[in-house]
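Scroll down for the structure; my scribbles are underneath it.
Derivation of every value follows stated rules applied to the coordinates shown; laboratory data play no part. Bear in mind that the values here come from a model prediction, so they are computed numbers and not experimental data. Neighbour counts are summed over all protein chains in view; Cβ atoms, including those assigned to glycine, are modelled from backbone coordinates with ideal geometry.
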Amino acid sequence: MLRLLYALLLGLLGAGIVHIAILFMLPAHSERDIWSRLSAAAPPYAMVRLGPNRLGGEIPAPVNPFLTAAACRFDLADGPVHVEAEGAVPFWSMSIYDSNGLNVFSISDRTAADGALDVVALDPGQMQRIRGELPAEFAQSVFIETGVEEGIVLVRAFVPDETWQGVVGRFFSGLSCTPRPVG
Amino acid sequence: MLKTVFLTLVTLAVAIGGGAASAWMILENVPPVGAVAAGPWTAFPDAGTPEADPYSRARFTREGGIPLGRSEGLVFTASRDSAERALRRACTYRIEGTIPAARLWTLHAADPSGMPLAPKGRRQAALHSGMILHREGVPFAITISPHPAPDNWLAVTGSGPMQLVFTLLDTPVSTGVSLGELAMPDILQVRCDA
């Protein structure tokens with residue numbers, strides 16, 4: 001009897017450990033986060049428009065009817081990632097998600113010169129090297145230093161009404177996501 | 001011998017079964033922590049960020065989604081009016097009061113799962129700050145109703161429960177410290193269709 005009680009107590013202790021293990025392993029093993037779903041749908045550096053009708057609803061889309069979004073995957077091992085767009089939209093914002101799908105950094109067009117989208121995401125080592133001599137193509141860029149090696153850049157734009165669809169569509173079709181190897 | 005095997009099995013069953021069941025129960029049934037309430041509205045500023053607690057983080061990655069970052073904006077939802085009654089699509093509501101500082105805001109009606117309601121003709125169940133009519137000397141108000149209303153009308157379609165989603169874009173609120181004493185507008189029930 002005493003041994004059964006001992007077994008149950010040990011089981012409860014084990015249950016606590018399993019509970020905590022599940023909790024911390026879940027984010028890394030989830031298959032529903034944006035990283036897993038985008039990896040399944042598109043190669044790295046491909047800008048994918050997120051919308052209810054695209055890719056069979058495989059990728060989460062903004063639920064706000066006035067926001068549209070596009071995203072690309074990057075790996076800073078290939079060099080800093082340069083995200084650029086032409087044209088002006090009433091409002092844009094950009095987030096960086098890590099490979100667990102968590103939002104680690106965000107900026108809005110308030111931060112950018114003239115409201116133009118021209119952002120470079122890089123790791124601290126690349127920042128050090130670029131500080132030495134600024135490449136000409138980064139002259140106007142906003143630099144984002146991030147600890148995330150692999151991640152997602154997601155750009156959102158505000159569509160006030162249907163008549164803006166053309167302008168926002170051009171903004172997104174001109175949106176590029178390119179690795180720029182340095183030195 | 002057989003007794004030892006039995007006891008080992010009991011221990012393992014309690015550990016794995018109990019651990020998995022308790023984790024699942026908490027993620028499914030316990031409401032998330034870290035909420036910021038302002039009147040009838042609730043926001044989760046840390047949802048989907050590395051700052052969130054382990055439970056919120058696990059819940060979030062199970063559901064997927066692309067949360068707004070702190071510099072992008074903040075999303076408030078309400079599923080009850082200011083008198084704590086559940087919001088229904090058959091009812092008419094008025095939104096009155098002050099709106100926190102933001103460059104832009106949007107307000108839309110959604111079903112309980114978060115999908116925006118179907119548009120009424122070409123009219124979406126959504127408004128943004130640029131569409132709002134302000135009258136001199138009259139306080140700002142929005143009417144949320146299945147029936148047409150003058151001034152600022154948010155058209156609701158279908159039947160059953162709904163929630164209202166208020167998104168502040170580029171707002172100092174989400175980055176500032178004053179999240180606790182935030183003033184959000186009230187949701188007042190006007191009448192309900194029988």
Put +1 on the Cβ of each Lys and Arg and -1 on the Cβ of each Asp and Glu in the protein assembly as shown; which of A:Gly16, B:Val5, A:Val104 then has its Cα farthest toward the positive end of the dipole?
B:Val5
Restricted to the protein assembly as shown, the DSSP antiparallel beta bridge percent, nearest 5, is 90
Between the stretch A:121-147 and the stretch B:77-115, the Cα center-to-center distance that results, in Å
43
Those trypsin sites (Lys or Arg not before Pro) from the stretch B:112-161 that are DSSP loop and have at most 11 other Cβ neighbours within 10 Å turn out to be B:Arg122, B:Arg135
Sequence of B:Asp193, B:Asp81, A:Asp118 once ranked by neighbouring C-beta atoms within 10 Å, starting from the fewest
B:Asp193, A:Asp118, B:Asp81
Averaged across the residues of A:15-27, what count of C-beta atoms belonging to other chains lies within 10 Å of each residue's C-beta?
6
Determine the relative contact order of the stretch A:61-128: mean sequence separation of Cα pairs under 8 Å and six or more apart, normalised by residue count, in whole percent.
34
Take A:Met94, B:Met1, A:Met47 and order them by how many other Cβ atoms sit within 10 Å, fewest up front.
B:Met1, A:Met47, A:Met94
Under the span-like rule (Cα at least 24 Å along the axis, Kyte-Doolittle mean at least 1.6), DSSP H helices of chain A
A:2-29
If you project the alpha carbons of the protein assembly as shown onto the principal axes, what extent comes out on each, in Å, largest first?
85, 70, 40
Quick check on chain A: of the DSSP beta bridges with both residues there, what percent are antiparallel, nearest 5%?
90
For the stretch A:10-37 and the stretch B:51-73, what is the separation of their Cα centres, given in Å?
16
Can you give me the angle between helix B:54-63 and the longest principal axis of chain B, using Cα atoms only, in degrees from 0 to 90, rounded to the nearest 10?
70
Which values, in whole Å and largest first, are the semi-axes of the equivalent ellipsoid of the stretch A:34-179 obtained as the square root of 5 times each eigenvalue of the Cα gyration tensor?
24, 19, 12
With +1 on each Lys and Arg Cβ and -1 on each Asp and Glu Cβ, and nothing else charged, work out how big the dipole of chain B is about its Cα centre, in Debye to the nearest 20.
520
Ellipticity estimate at 222 nm from DSSP helix runs (n ≥ 4, -39,500 (n - 2.57)) divided over the protein assembly as shown, nearest 500
-8000 deg cm²/dmol
Please give the direction-averaged projected area of the C-alpha convex hull for chain B, in square nanometres with one decimal.
15.5
Convex hull of the stretch A:90-131 built on C-alpha atoms - directionally averaged projected area, nm²
3.9
Let me know the charge dipole size of the protein assembly as shown about its Cα centre in debye, to the nearest 20, where only the beta-carbon of Lys, Arg (+1) and Asp, Glu (-1) is charged.
1140
Share of antiparallel DSSP beta bridges in chain B, in percent to the nearest 5?
90
How high is the relative contact order of chain A, given as a whole-number percent (alpha carbon pairs under 8 Å, six or more residues apart)?
28
Determine the relative contact order of the stretch A:110-183: mean sequence separation of Cα pairs under 8 Å and six or more apart, normalised by residue count, in whole percent.
33
To the nearest whole number, what is the average tally of beta carbon atoms from other chains within 10 Å of the beta carbons of peptide A:72-84?
0
